[in-house]
Amino acid sequence: MSIEFDISNQYLRSNRKKGFVSFISGVSMIGLILGVMTLVTVLSVMNGFHQELRDRVLSAISHSTISDYDGALSNWQDAQTTINQTPHVINSAPYIEKYALLNTSNGAQGISVRGIIPELETQTSVLLDNMKLGDSNLAKSGILLGSGLATQLGVTLGDKVTLLTPQLSSSIIGVQPRFKRFSVSGIFDAGVNEYDNNLAFIQLKQAQLLYSMKNKVSGIRLKVDDLFNARSITQTAVKRLGNHQYYGIDWTQQKANFIKALNLEKQMIGIVLSLIIAVAAFNIVSMMVMVVTDKTADIAILRTLGMTPKRIVKVFFYQGLTIGIIGIVIGLMLGVLLALNIEAIVSSIETLLGFEFFPKDVFYINRFPSEIQLNDIIMIAVGAFILVIFASIYPAKRAGKVAIAKVLNHE
């Protein structure tokens, strides 16, 4: 241990006996602890929320989609066989996705209609895994509705609905939209409003008839074994098809704005909360200036004993650094501890106060998920440490410039 570090530690211990200086030192350290703890906890909770949202959204959509530039994929059976033989592709399912008007006795609403083969669809997404009523085995004239859509239109299992499409057909009574009457055979709850409020499923063959797509589909949905390598796997499948008419879109392209919004939200909140640490660092500056003022007599004595200004600077620099490191370490420990137990803590507060922060009937997520990421911990620790270094430099340099002759004459 250097003599400078030893003296700085003695000053820290002696400051505890000083009234106002000790109070300012404590406030500075507590401010840094709270700032670091808050940032760790909030970013961990945001990571948990984002992970939960991503899981829900990505489980509801396909990992990727392969289609034709004409919007109608012919010979899809052969294409699907080739796709299924592509490495890392787990399953695939053909689909037709179009718009229609769903008409009931209680009203009408524009919806997105997806024609599927149920046994294949359930292998590529989890949209139909949570059925509130009925099951996902579509009958010939059956239709599956999202829970929100069924509620809005006031229909339930077994009710009759009419699907009107933009496709026109000619008959003896003239030109009119194609339509078909369906019976509600199931109501699903995907947990994502985008699908629960606007999506309906019918059999693929029924969709082909309604939209004049005989032996054609809109595309083929893929499920792959590596979510974050979906784009590369999809491009490999497209190349294996050997036809320039095919193209692939993976989930990062389908939900690009959603992913960007989540990342931007985390960055902005991280920047705002970092201001708490910045304020704590400024408190360290003011505290250290007061310490230097309080120790001017000691500085003068140390100088007369032969200690150079540079070594005086080190004494007070080490003192500010020690306070900062202690605050950062304690803040990180408390932040991680709070993040690991946030759900239990919030549950206790809800029980105590008698209300829910996230009611089930209002929010997608009704709990406080938390995910601690090492990158966030390192970023917070390094950022706070840099601020502490800058906060310690000015008071330390000021200590090195103390005029010892003036101080000794005054003493």
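Order of 75-83, 276-284 by packing, highest average Cβ count within 10 Å first?
276-284, 75-83
How far apart, in nm, are two points set 7 Å out from the Cα along the Cα-to-Cβ line at D135 and at I249?
Distance between the two pseudo-spin positions: 3.4 nm.
Out of the total accessible area of the chain (probe 1.4 Å, heavy atoms of protein only), what percent is carbon and sulfur?
In the chain, the share of accessible area belonging to carbon and sulfur is 59 percent.
Quick check on the chain: of the DSSP beta bridges with both residues there, what percent are antiparallel, nearest 5%?
So the antiparallel bridges amount to about 80 percent of the total.
Have a look at M29, V329, H88 and report the one farthest towards the positive end of the charge dipole of the chain, computed about the Cα centre with Cβ charges (Lys/Arg +1, Asp/Glu -1).
M29
Over segment 72-118, what is the relative contact order in percent, taking alpha-carbon pairs closer than 8 angstrom and at least six residues apart?
Here the relative contact order equals 29 percent.
At a 10 angstrom cut-off on C-beta neighbours, averaged per residue, how do the peptides 256-269, 145-158, 334-347 rank from highest to lowest?
Result, highest mean first: 145-158, 334-347, 256-269.
Counting heavy atoms of the protein chains only and a 1.4 Å probe, report the per residue accessible area for the chain as a whole number of Å².
Roughly 52 Å² per residue, with all protein chains present.
Going through the DSSP H helices of the chain, which span 20 Å or more along their own axis at the Cα atoms while scoring at least -1.0 as a mean Kyte-Doolittle hydropathy?
19-60, 256-294, 309-340, 374-400
Under a point-charge model restricted to the Cβ atoms of Lys and Arg (+1) and Asp and Glu (-1), what is the dipole moment magnitude of segment 113-165 relative to its Cα centre, in debye to the nearest 20?
180
So which of K214/K239; K132/K205; K180/K223 end up more than 29 Å apart, counting from Cα to Cα?
From the list (K214/K239; K132/K205; K180/K223), the Cα-Cα distance tops 29 Å for K180/K223.
The values are calculated or read from the model by the stated rules, or taken from the named source; none is laboratory data. Everything numeric in this text was worked out from a predicted model, so none of it was measured. Counting neighbours? That spans all protein chains shown, and the Cβs are built from the backbone with ideal geometry, glycine included. Only protein heavy atoms, including side chains, enter the accessible area calculation; ligands, DNA and RNA are left aside. Shrake-Rupley method; radii C 1.70, N 1.55, O 1.52, S 1.80 Å.
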